[in-house]
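The values are calculated or read from the model by the stated rules, or taken from the named source; none is laboratory data. Every value quoted in this text rests on a predicted model; they were computed, and no experiment measured them. Methodologically, a virtual Cβ is constructed for each residue, glycine included, from the backbone with ideal geometry; neighbour enumeration extends over all protein chains shown. Calculation scope for accessible area: heavy atoms of the full protein, side chains included, ligands and nucleic acids excluded. Shrake-Rupley method; radii C 1.70, N 1.55, O 1.52, S 1.80 Å.
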Amino acid sequence: RKFLQFVGRATLITVVGGAGTFYYLAQKERNPGPQLPFDPEKKTVVVLGSGWGATSLLKTIDTADYNVVVISPKNYFLFTPLLPSVAVGTLSPRSIIQPTRYITRHKARTVSVIEAEATDVDPAAKTVTFTDDSEIKGTTSTTTIGYDYLVYAVGAEVQTFNIPGVQKHAVFMKELHDAERMQRAFMDCVETAAFPGQDTAEIERLLHMVVVGGGPTGVELSGELHDFLKDDLMAWYPELAGKVKITLVEALPSVLPMFSKQLIEYTESTFKESKIDILTKTMVKEVKDRSVVLQMPDKSIQEVPCGLVVWAAGNKGRNLTQNLMAKLPAEQTNRRGIAVDDHLRMKGAEDSIFALGDCSATSYAPTAQVASQQGAYLARALAQIARKDGMEKQLSHLEQTKQAGAFESEEQKQNIDKEIEGLKNRLAKFKPRPFNYSHQGTLAYIGSEKAIADLPFMNGNIASGGVATYLFWRSAYLSTLFSLRNRTLVATDWLKVKLFGRDVSRE
Ligand code: FAD
Ligand code: NAI
């Protein structure tokens, strides 16, 4: 009896303690304290973008050192790894975004967050021009500001290779609105197929989903689509679900070329079991209203009817990036993006522009992992630069004092000489550390509660399915989410789906 009482009390204390801690942390996140105002004595860091690179920088940067201004057409951070889950209704769109102000309001000094699109960067004048491109505009909607340091983190845009019909007929998987659009289009296909009297060939067409691009985005999306089909559509559209067909088209000889052979084979066999067709060495040549035109491995052309085409064929640099690079033609010759040195300084504008993430051309893959490590690194590098700037300022002040020669005593003169000497030594030793990427592994969900992982430990490759992998995948993402709020929203969505299934209503 005593033992049961003890267990009862311990459980009660744990539950109350846990709930109390949760409430405290949530309130802390929700109620930021007062902030210092902008300081005209400090240098200004302008950050372009609110994605992985920029947000990681904002989380880490010490605003005691700088006045910080953030400019991005989206006033939020998007957790891209969970975007395919939004596309099939597993997660609600708002669960994977975090308003940028929720981060900047917690900084020691006020950070100015501006919802606008940067339209021009002038590296010579050190200015950025930006425009409010939202629906509602005030009397002013374009302006130019100066910067001391520019953190250029605008990411990339969808690569269409100018293939006819892609822009017009395909759905992308890059931004939040893409995932929402895909969910609506997919359910529209299903409901249209359910329309009374629809003929068999048309039902087959409407229920044929083509995913273009066998990179991680296309693979994860195909896996999520399969889960939606198996877990929910089977129950709510029993007469149609068996007719849904998913085809993944990849131009290269295999999907997921960045993963090992073992993981590729595991993915291919899982897709086979899930009845997802993989067409490799097959290139999409055109996307039409009701079909997709494919160049098959034997170079023959086939037009395949389909209801929906999702385009996940990779990224390219934004126009803004190309324009900026064109202003430094001698140094910026890399077609993949902005060339930077080991300290993420843009070549040709090393003293004032840093570029990171998908807009830059480095030896690393364009991933969230790289961008976020670069953001955190740069925040620390900027703190070092601030310390160096401070030392230089102090040195020039002391040298001026020395030159003026107005010493109260010989001892004071000697002290100043000593300080100058010390500062010079410290400045000579000042060697900022270069960026060093630490690969934490790559994880991809492939549907049917299976995930693949390429890890820097355990011999590199893990390919497994079942509850443990599924939980590992989910806990890895939960822990990477930036806030308690997002973690709670995502976990709640997962629980809702486990209990009630995905919502098949179409907004
Ligand atoms: P982004 O995160 O794209 O941010 C760019 C920012 O710049 C955005 O806020 C944008 O609004 C803003 N911007 C755009 N134009 C302008 C402008 N003119 N002026 C100012 N701001 C501008 N990587 C992983 O490592 N793991 C994953 O599991 C993973 N999953 C992914 C799933 C999907 C569906 C996608 C699409 C990508 C995934 N990635 C993943 C890749 C990862 O999202 C990118 O590598 C990462 O977003 C790059 O970060 P970034 O800061 O360079 O760019
Ligand atoms: P990607 O560039 O990795 O893959 C695009 C694929 O589309 C390529 O394999 C290419 O051969 C194929 N393709 C291009 N044009 C084609 C055409 N006309 N017809 C048929 N196939 C065509 O792009 P993705 O998947 O969007 O990934 C972008 C970046 O984001 C990568 O660095 C990736 O590693 C990262 N990412 C990582 C994830 C993870 O770690 N789980 C998930 C999603 C993305």
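Assorted remarks:
- Alpha-carbon centroid distance for the pair segment 354-420 / segment 473-495, whole angstrom: 38 Å
- Seen from D199, the other residues with C-beta closer than 13 Å to its C-beta sum to a net charge of 0, counting Lys and Arg as +1 and Asp and Glu as -1.
- Proximal charge balance of N415 [Cβ under 12 Å; K/R count +1, D/E count -1]: -3
- Between the Cα long axis of helix 216-228 and the first principal axis of the chain there is an angle of about 50°, rounded to the nearest 10.
- Share of carbon and sulfur in the accessible heavy-atom surface of the chain [1.4 Å probe, %]: 54 percent
- Length gained on full extension, E286 to D298, computed as 0.36 nm times the residue gap minus the Cα-Cα distance: 2.6 nm.
- Distance between modelled label sites at F500 and R387, nm, 7 Å Cα→Cβ extension: 5.3 nm
- When the convex hull of its Cα atoms is projected in every direction, mean area for the chain (nm²): 34.8 nm²
- Phi angles across segment 177-194 convert, under the Karplus curve 6.51 cos²θ - 1.76 cosθ + 1.60 with θ = phi - 60°, into 3J(HN,Hα) values of 5, 5, 5, 5, 5, 5, 4, 5, 5, 4, 5, 5, 4, 5, 5, 5, 5, 7 Hz, Gly and Pro given as x.
- Calculated on the alpha-carbon coordinates, the convex hull of segment 255-329 measures out at 170 cubic angstrom per residue.
- Ellipticity estimate at 222 nm from DSSP helix runs (n ≥ 4, -39,500 (n - 2.57)) divided over the chain, nearest 500: -13000 deg cm²/dmol
- Protection proxy ranking of 94-101, 108-115, 353-360 - average other beta-carbon atoms within 10 Å, highest first: 353-360, 94-101, 108-115
- Local net charge near Y470, Cβ-Cβ under 10 Å (Lys/Arg +1, Asp/Glu -1): +1
- When peptides 324-330, 1-7 are sorted by average Cβ neighbour count within 10 Å, with the highest value leading, the order is 324-330, 1-7.
- Length gained on full extension, F6 to L252: 82.4 nm, using 0.36 nm per residue less the C-alpha separation.
- For K413, a cut-off of 19 angstrom between C-alpha atoms picks up these aspartates and glutamates, skipping any fewer than 8 places away in its own chain: E399, E421.
- For segment 273-280, 3J(HN,Hα) per residue [Karplus equation, 6.51 cos²θ - 1.76 cosθ + 1.60, θ = phi - 60°, Hz, x = Gly/Pro]: 4, 7, 6, 9, 7, 10, 10, 9
- For segment 418-430, the Karplus equation 6.51 cos²θ - 1.76 cosθ + 1.60, evaluated at θ = phi - 60°, returns couplings of 4, 4, 4, 4, x, 5, 4, 4, 5, 5, 5, 7, 5 Hz by residue, with Gly and Pro reported as x.
- Accessible area, probe 1.4 Å, largest first, for residues Y152, Y477: Y477, Y152
- Packing, taken as the mean count of other beta carbons within 10 Å per residue, orders the peptides 373-382, 287-296, 191-200 from highest to lowest as 373-382, 287-296, 191-200.
- The distance from the alpha carbon centre of segment 166-185 to that of segment 1-31 is 43 Å, rounded to a whole number.
- Amide H contacts of V249 (H built 1.01 Å from N, in plane; Pro and chain starts excluded): V211, V212, G213, L279 sit under 5 Å, all sequence-distant by 5 or more or on other chains.
- Potential extension, T492-A404 segment - 0.36 nm per residue separation minus Cα distance: 24.9 nm
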